[in-house]
Amino acid sequence: MSVADDIKLGLEQAIEYERGTGRARTTTLSISPVANFSSVEIKAIRHSTGLTQASFAKYMGVCVKTVEAWEAGKNKPDGSARRLLAITRSDPDFPVKSGIVTK
């Protein structure tokens, strides 16, 4: 099917839906809750990447003092940092694979 045919089909389906003669397609997504990490887990994740605290901080988009505080248990990472930690925990090579960290 060509791009033009695909666009035409999509428009026809939209018109049918608006007229009440067609059905809308729906997709149900399930999103995992954001994990919490202890100071020991954060340090283990960083070690698994082979990054120093300074490099890990740059990767995470935070300052070195923030990583130090996480690893000392003084502060906890926020939601987006926890999501990135979860991704990195499941794939320690993610920082390099994603292009965020280059060797």
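Please treat every number below as a calculation from the coordinates, not as lab data. Since the model is a prediction, treat every value here as computed from it, not as a measurement. Glycine gets a Cβ as well: all are built from the backbone with ideal geometry, and neighbour counts include every protein chain shown.
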Subject >> Within segment 1-35, tally of residues that are surrounded by fewer than 11 Cβ atoms within 10 Å (Cβ to Cβ) and within 30 Å of A81 (Cβ to Cβ) >> reply: 7
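Which of the residues spanning segment 1-46 are β-branched (V, I, T) and under 30 Å from K74 (Cβ atoms)? Quick ask: steps written out before the conclusion?
Restricting attention to segment 1-46, the residues satisfying the condition of being β-branched (V, I, T) are 3, 7, 15, 21, 26-28, 31, 34, 40, 42, 45.
Answer for segment 1-46, where residues must be β-branched (V, I, T) and under 30 Å from K74 (Cβ atoms): I31, V34, V40, I42, I45.
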Original post:
Which one is farthest from S32 (Cα to Cα), of the residues in segment 83-103 that are among the hydroxyl-bearing types (S, T, Y) and not in a loop (DSSP other than H, G, I, E, B)?
Top reply: T88
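Any chance segment 3-20 includes a residue that's closer than 30 Å to I100 by Cβ, part of a helix (DSSP H, G or I) and acidic (D, E)? Write out each step before concluding.
Within segment 3-20, the subset closer than 30 Å to I100 by Cβ is none.
The answer is no; no qualifying residue exists.
For segment 36-61, name all the residues that are part of a loop (DSSP other than H, G, I, E, B) and either over 19 Å from R83 (Cβ atoms) or in contact (Cβ under 8 Å) with a residue 40 or more places away in the chain (or both).
Step one: filter segment 36-61 for residues part of a loop (DSSP other than H, G, I, E, B), giving 36-38, 50-52, 61.
Once the filter is applied, which keeps residues that are part of a loop (DSSP other than H, G, I, E, B) and either over 19 Å from R83 (Cβ atoms) or in contact (Cβ under 8 Å) with a residue 40 or more places away in the chain (or both), segment 36-61 yields N36, F37, G50, L51, T52.
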**OP:** Could you check, for segment 62-82, whether at least one of its residues is surrounded by 19 or more Cβ atoms within 10 Å (Cβ to Cβ), in a helix (DSSP H, G or I), touching an Asp or Glu at 6+ places or on another chain (Cβ under 9 Å) and not hydroxyl-bearing (S, T, Y)?
**Re:** no
